[in-house]
Amino acid sequence: MKMTATKTVFASKDYEGAIKEAAAEILRGGLVVFPTETVYGLGANAFDVHAVERIFEAKGRPQDNPLIVHIADMEQLADVAAEVTKTARILMETFWPGPISVIVKKSDKIPDTVSAGLATVAVRMPQNEIARAIIARAGVPVAAPSANTSGKPSPTLAMHAYEDLCGKVPLIIDGGPCSVGVESTVVDATGEVPIVLRPGDITPEMIKRAVGSVKVHKAVLSELAKDEVCASPGMKYKHYAPRANVIVFTGDKKEVAKSINIRYHIDSADSRAAVVLCMDDCTEYYHGCKTVTLGADAKSAEAALFRVLREVDDDGYDNVYFHAQEDVMGLAVMNRIIRAAGHMIVTVKEEKV
Ligand code: TXA
Ligand code: MG
């Protein structure tokens, strides 16, 4: 593709200027990297098929993976959705603006390229004010995937998007670190019972409280069979992956720690650089190892995960041993790390005596 000079505008220094420039670029058919509360997005006018095609090109994204359409207010929803079910309406009223994308029947105004040929479209009204101001100023819905090269960890800092997309996009709006840190919860709300296709900061429990029922798609934590039809195309790709080899360990805390310590010391003896990722309450097991902690709870793990996955590459590690604790780190982080590991999961059984 043709190379472009990439300009970064800091919204903290020139808020008005940043919004104006981003909106103008979108209306010109160009691409803009912009902050949201989840991760940085790579946005284009959702009505402009050529602009949307440029998103796929810049990211190297497979054509069959649909994009999320971002709106600034409820008025814009009418141009995006052909039908909004009662379930969808409740989710929007309860959680918008916020980190949840609601799948509804697509309006004819949204090109098939956006939805990758599906009859549905995922819509989200972000909480981040810069994001909403850009969309409102442009006056069109904005199609935006995460602003990373396809397959790499999503960007939670403008610098991450710059690393991946410099020379491929004209404009990056820097709005500081993303507060949530993992992508939005994706929910199919075309039926009565909402189905979580991708977990995020809005949990299945929160959805159940709002709607009265919820299902979590089985592909959230497991691998799809090769010929299985997938509800959300994004679920079938290896994703979020650093260059380093990632292995996820689950099971009894102490037994997992024993297994990881063994692997780590084999690596050290063979001059391979390894690092352990774990939650605060497990650091005591890894005194002899290089360790990075993701904090004490799901919120801190979500905020840290993608940054840490990029840092392990910057620091040149060969192997990453991830001490998983679903009850502490939550479903969203488990889902991402399983994909980052390409489903390399070791389940450690408790030793019977
Ligand atoms: O937080 C987020 O959602 C970020 C920010 C920028 O808003 N965006 C994001 O987009 O993560 P992306 O393209 O990286 O992920 C979109 C996910 C993919 O897994 C895709 O398959 C799924 O949403 N998706 C989109 N439209 C869909 C549809 N109509 N049916 C099923 N899944 C859909
Ligand atoms: Mg993505």
Selection from 241, 275, 264, by position along the positive dipole direction of the range 236-285 (Cβ): 241
11 Å reach of a label modelled at residue 290, 7 Å along Cα-to-Cβ, counting backbone N of the range 308-336: 312-320
Under 26 Å between alpha carbons - lysine pairs in the range 1-127 that sit 8 or more apart or on different chains: 12
Overall form of the range 278-353 per C-alpha gyration tensor (a/c, 1.5; a/b vs b/c): rounded
For the range 266-283, 3J(HN,Hα) per residue [Karplus equation, 6.51 cos²θ - 1.76 cosθ + 1.60, θ = phi - 60°, Hz, x = Gly/Pro]: 5, 4, 4, 4, 8, 6, 9, 8, 10, 9, 9, 10, 8, 8, 3, 6, 10, 4
Dipole of the range 1-59, positive direction: furthest Cα of 3, 43, 58, with charges on the beta-carbon: 3
For residue 216, residues with placed amide H under 5 Å, excluding near neighbours: 196
Charged-residue dipole, Cβ positions (Lys, Arg, Asp, Glu), the chain about Cα centre, Debye nearest 20: 440 debye
Per-residue HN-Hα couplings for the range 147-152 [Karplus 6.51, -1.76, 1.60; θ = phi - 60°; Hz; x = Gly/Pro]: 8, 10, 5, 3, x, 7
Relative contact order (%) - criterion: Cα under 8 Å, at least six apart; region: the range 83-208: 30 percent
Fraction of antiparallel bridges per DSSP, the chain only, in percent to nearest 5: 35 percent
Relative contact order, percent, the chain [alpha-carbon distance under 8 Å, six or more residues apart]: 19 percent
Difference of contour (0.36 nm per residue) and Cα-Cα distance, residue 343 to residue 89: 88.0 nm
Extension gain (nm, one decimal) between residue 2 and residue 129, 0.36 nm per residue minus Cα-Cα: 42.5 nm
Computed E for residue 299/residue 245 - FRET, C-beta separation, R0 35 angstrom, nearest 0.05: 0.80
Relative contact order [Cα under 8 Å, 6+ residues apart], the range 163-209, whole percent: 27 percent
Over the chain: helical MRE at 222 nm, DSSP H runs n ≥ 4 each giving -39500 (n - 2.57), nearest 500: -10000 deg cm²/dmol
Residue 10-residue 313 pseudo-label distance in nm [points 7 Å out on the Cα-to-Cβ vector]: 2.6 nm
Long-range HN-HN contacts of residue 36 with modeled amide H, under 5 Å: 41
Rg/Rg_globular for the chain, with Rg_globular taken as 2.2 N^0.38 Å and Rg from C-alpha atoms: 1.00
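Every number in this text was worked out from the coordinates using simple rules, so none of it is lab data. The shown structure was predicted, so the numbers you read here are calculated from the model rather than taken from an experiment. Quick reminder, even Gly has a Cβ in these numbers, built from the backbone with ideal geometry, and neighbours come from all protein chains shown.
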